[in-house]
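Q: Dropping a structure here in structure tokens format, bear with me for questions.
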Amino acid sequence: MTGSKSRPNPWTLAGTSILLLVFSFKGWAKNDGLALTPPMGWNSWNAFKMDIDESKIKAIAEAMVRSGMRDAGYVYLVLDDGWMAKERDGAGNLAGDPVKFPGGMKALGEYIHGKGLKYGLYECRGYLTCQKLPGSLGQEARDMSTFASWGVDYIKLDSCFAERNGRPSRVELAVYRDAIERTGRPMVLSLSDFGNGSWAWGAGESVHLWRTSYDISRSIASVYACAETSGGDGVIHPAFNGLWQFAGPGRWNDADMLQVGNLPGPKEDKVHFSLWSVLASPLMAGNDLRSMAEPVRSILTAPEVIAVNQDPRGFQGYRILRDGGREIYNKPLADGTTAVLMLNKGETPSDLTVTWDRIGLRGPQNVRDLWERKDLGVFEGSFTAASLGRHEHRFIKVGTPGGTPVPGPAPVPLEKYSVTRSGTTYLGDLFYIMKQGDAPRTDANSAGGVLSLRGTKYPKGLGCRNSSRIMYRLDGKADRFQAVVGMDDSYAGEETVRFRVLNGDFFGNQVLFDSGKLTRESAAVKIDIDVKGVDYLLLMIDGRRVAADWAEAQVVAGGRPDH
Ligand code: GAL
């Protein structure tokens with residue numbers, strides 16, 4: 001807080017939130033002026049997987065221009081995995097696949113630039129790409145300068161095999177950032193790491209966007225699951241209400257590339273596009289633009305829906321209602337209006353109502369339909385979208401341009417998700433900042449019963465189911481991590497379980513503790529390890545259909561337990 005005594009009005013509230021954000025992410029944003037709004041373009045993976053070649057890519061470039069996609073903002077044409085030769089050339093440099101790209105990658109870049117587009121290429125920070133082509137490990141500086149010499153403007157950096165690299169992701173990404181800086185060529189760096197907690201551990205120091213999910217596929221269920229990683233509790237504690245507080249100009253949560261045009265029909269395509277718009281997710285089209293049907297084209301180029309995504313304020317939308325399948329999201333915009341998405345994922349047709357008090361407005365407000373591009377009139381206090389059927393939605397803009405900016409919600413304060421005091425902090429009393437797999441239960445086993453290991457009951461701890469990864473933020477404040485782990489006594493099966501504790505993220509692979517495989521008969525294992533200097537602690541469980549406990553999971557700071 002500023003300590004100022006000024007009367008709180010919406011704008012100071014918004015200003016305070018923004019200040020808090022700037023403060024908590026000091027040093028994180030790259031501040032290089034790139035990706036100030038979510039990047040827009042086309043990427044080859046969702047349409048073609050490995051099946052790309054020079055003539056296809058050139059035809060895509062032409063289609064981007066002809067269809068109006070480029071002029072609607074889709075400027076990056078990105079070749080995903082599959083463009084490379086199987087081996088580096090005699091000098092150790094990356095080269096394009098000589099059969100698929102006989103003209104070479106530099107010439108292709110020139111062709112793309114000649115169309116008024118920007119050029120993007122995929123690489124991987126592992127020793128191989130996900131499709132087993134040459135990765136950049138150990139060759140980072142060389143590869144970044146190769147890319148610069150080819151005129152590359154955007155790099156999608158994948159993470160397959162990176163857990164073998166032996167360095168924390170934060171350190172590794174800084175290597176790429178510095179190598180790119182040294183080339184002198186501005187290049188957007190887009191991290192693909194399948195929701196590895198980048199929002200939380202500072203990838204934004206080095207990259208402009210990071211994935212929040214596993215790969216999207218061609219189904220509305222997958223679209224919803226990916227949206228949930230950015231806008232819901234798919235990958236973070238529910239208290240955060242999505243990842244909005246970690247995004248902003250130059251640092252974006254990427255819910256993955258678009259499947260618009262690859263879904264069953266316009267209803268699904270539109271929902272998908274509206275969700276990505278409200279969540280300020282990058283808009284990387286993934287359909288075959290050469291044969292794009294007009295309805296798909298008009299969805300992808302819908303100007304007012306794109307404008308919400310590209311709003312210069314860069315505030316990621318957040319959810320204000322979740323009631324069964326009924327959801328409402330709000331994205332405050334730079335011009336004082338706010339975009340509201342009302343969606344029915346459920347089976348039963350339903351009315352959805354947004355009241356102005358939930359979106360920081362009051363009194364009569366203009367409402368505009370962003371898909372229809374039509375003013376709907378002035379509404380007092382609320383707006384109702386009547387009888388929305390399954391997967392139907394309404395995307396509206398509320399307010400009058402030029403008004404006072406609508407404040408966003410306050411971010412979760414650091415003390416709720418970081419160690420801030422001496423003595424004992426039970427991890428279950430902190431909000432985890434990343435999860436993969438099922439969320440842990442706090443102070444109960446995974447079925448809600450008492451945590452119990454070999455007959456001993458524990459009032460505190462985390463009850464987990466199946467494989468999971470949970471990350472907590474320690475900010476170097478803790479000295480020891482302690483827990484008792486094992487298969488919960490409620491488990492009657494024959495599977496094994498393995499507990500690991502890591503300093504930092506999964507790909508960093510700095511293992512501090514490894515239980516090896518345990519069965520339900522194994523004795524409970526006591527953990528008491530040094531975590532001095534650890535900023536992020538990752539608790540990992542490997543196990544299929546198991547119930548496993550981190551009983552008494554706690555960190556001790558200042559060496560004086562006070563419980
Ligand atoms: C995956 C990545 C996809 C695609 C693919 C290429 O790891 O998430 O988006 O790039 O690799 O092999």
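The values are calculated or read from the model by the stated rules, or taken from the named source; none is laboratory data. For clarity, every value in this text was computed on a predicted model and none was experimentally measured. Ideal geometry is used to build each Cβ from the backbone, glycine not excepted, and the neighbour counts take in all protein chains shown.
Q: All but one of (1) touching a Gly at 6+ places or on another chain (Cβ under 7 Å); (2) closer than 22 Å to residue 425 by Cα hold for residue 498; state the number of the condition that does not hold.
A: Here residue 498 meets the rest and fails (2).
Q: Could you please give the count of residues in region 124-142 that are over 15 Å from residue 52 (Cβ atoms), within 12 Å of the ligand (Cβ to nearest atom) and either within 24 Å of the chain's Cα centre (by Cα) or buried (at least 21 other Cβ atoms within 10 Å of the Cβ) (or both)?
A: Residues meeting the conditions: 5.
Q: Against the definition (touching a Cys at 6+ places or on another chain (Cβ under 8 Å), crowded, with 24+ Cβ neighbours inside 10 Å and under 21 Å from residue 46 (Cβ atoms)), how does residue 229 come out, yes or no?
A: In short, no.
Q: Moving on. Looking only at region 153-160, decide whether some residue is more than 24 Å from residue 260 (Cα to Cα) and within 13 Å of the ligand (Cβ to nearest atom).
A: Yes, there is a match, as at least one residue in region 153-160 is more than 24 Å from residue 260 (Cα to Cα) and within 13 Å of the ligand (Cβ to nearest atom).
Q: Also: Go through region 288-336 and give me each residue that's in contact with a strand residue (DSSP E or B) (Cβ under 7 Å, 6 or more places away or on another chain) and hydroxyl-bearing (Ser, Thr, Tyr).
A: 318, 329
Q: All but one of (1) closer than 30 Å to residue 335 by Cα; (2) at pLDDT 95 or above hold for residue 419; state the number of the condition that does not hold.
A: (1)
Q: Would you please name the residue that is surrounded by the most Cβ atoms within 10 Å (Cβ to Cβ), looking only at residues in region 42-81 that are among the small types (Gly, Ala, Ser) and away from the ligand (no atom under 16 Å from the Cβ)?
A: 61
Q: Read through the list (1) surrounded by 17 or more Cβ atoms within 10 Å (Cβ to Cβ); (2) in contact with a strand residue (DSSP E or B) (Cβ under 7 Å, 6 or more places away or on another chain), then give the number of the only condition that residue 113 fails.
A: Among (1) surrounded by 17 or more Cβ atoms within 10 Å (Cβ to Cβ); (2) in contact with a strand residue (DSSP E or B) (Cβ under 7 Å, 6 or more places away or on another chain), the lone unmet condition for residue 113 is (1).
Q: Moving on to the next point. Identify the residue in region 401-413 that is modelled with pLDDT of 95 or more and either of a type in the set (A, V, I, L, M) or surrounded by 13 or more Cβ atoms within 10 Å (Cβ to Cβ) (or both) and, among all such residues, is nearest to residue 374 (Cα to Cα).
A: So the residue we want is 409.
Q: Looking at this structure, is residue 200 at pLDDT below 95, out of contact with any Ser or Thr (no Cβ under 9 Å at 6 or more places or on another chain), away from the ligand (no atom under 16 Å from the Cβ) and closer than 17 Å to residue 431 by Cβ?
A: Considered against the rule, which asks whether it is at pLDDT below 95, out of contact with any Ser or Thr (no Cβ under 9 Å at 6 or more places or on another chain), away from the ligand (no atom under 16 Å from the Cβ) and closer than 17 Å to residue 431 by Cβ, residue 200 comes out as yes.
Q: Look at residue 259 and say whether it is touching a helix residue (DSSP H, G or I) at 6+ places or on another chain (Cβ under 9 Å) and within 30 Å of residue 429 (Cβ to Cβ).
A: In short, no.
Q: Among the residues of region 461-481, write down those that are surrounded by fewer than 20 Cβ atoms within 10 Å (Cβ to Cβ) and of a type outside the set (Asp, Glu).
A: Passing the criteria: 466, 467, 476, 480.
Q: Is one or more of the residues making up region 99-113 assigned to a strand (DSSP E or B), within 20 Å of residue 176 (Cβ to Cβ) and either acidic (Asp, Glu) or touching a residue at least 12 places away in the same chain (Cβ under 8 Å) (or both)?
A: Scanning region 99-113 turns up no residue that is assigned to a strand (DSSP E or B), within 20 Å of residue 176 (Cβ to Cβ) and either acidic (Asp, Glu) or touching a residue at least 12 places away in the same chain (Cβ under 8 Å) (or both).
Q: Another question, then. Out of region 269-321, which residues are acidic (Asp, Glu) and out of contact with any Lys or Arg (no Cβ under 8 Å at 6 or more places or on another chain)?
A: Once the filter is applied, which keeps residues that are acidic (Asp, Glu) and out of contact with any Lys or Arg (no Cβ under 8 Å at 6 or more places or on another chain), region 269-321 yields 269, 288, 294.
Q: Okay, next question. Collect the residues in region 468-477 that are in a loop (DSSP other than H, G, I, E, B) and in contact with a Phe, Trp or Tyr (Cβ under 8 Å, 6 or more places away or on another chain), keeping them in residue-number order.
A: Listed by number, the list holds a single entry, 474.
Q: I want to confirm something. Restricting to region 82-92 and keeping residues that are over 19 Å from residue 62 (Cβ atoms) and touching an Asp or Glu at 6+ places or on another chain (Cβ under 8 Å), which single residue is surrounded by the most Cβ atoms within 10 Å (Cβ to Cβ)?
A: By that ranking, first place goes to 84.
Q: Identify, from the list 177, 164, the residue that is away from the ligand (no atom under 16 Å from the Cβ) and either surrounded by fewer than 18 Cβ atoms within 10 Å (Cβ to Cβ) or not small (Gly, Ala, Ser) (or both).
A: Just one listed residue meets the conditions, 177.
Q: Mind checking which strands (runs of 3 or more DSSP E) fall wholly inside region 408-467 and carry at least 1 residues that are aliphatic (A, V, I, L, M)?
A: 434-437, 451-453, 461-465
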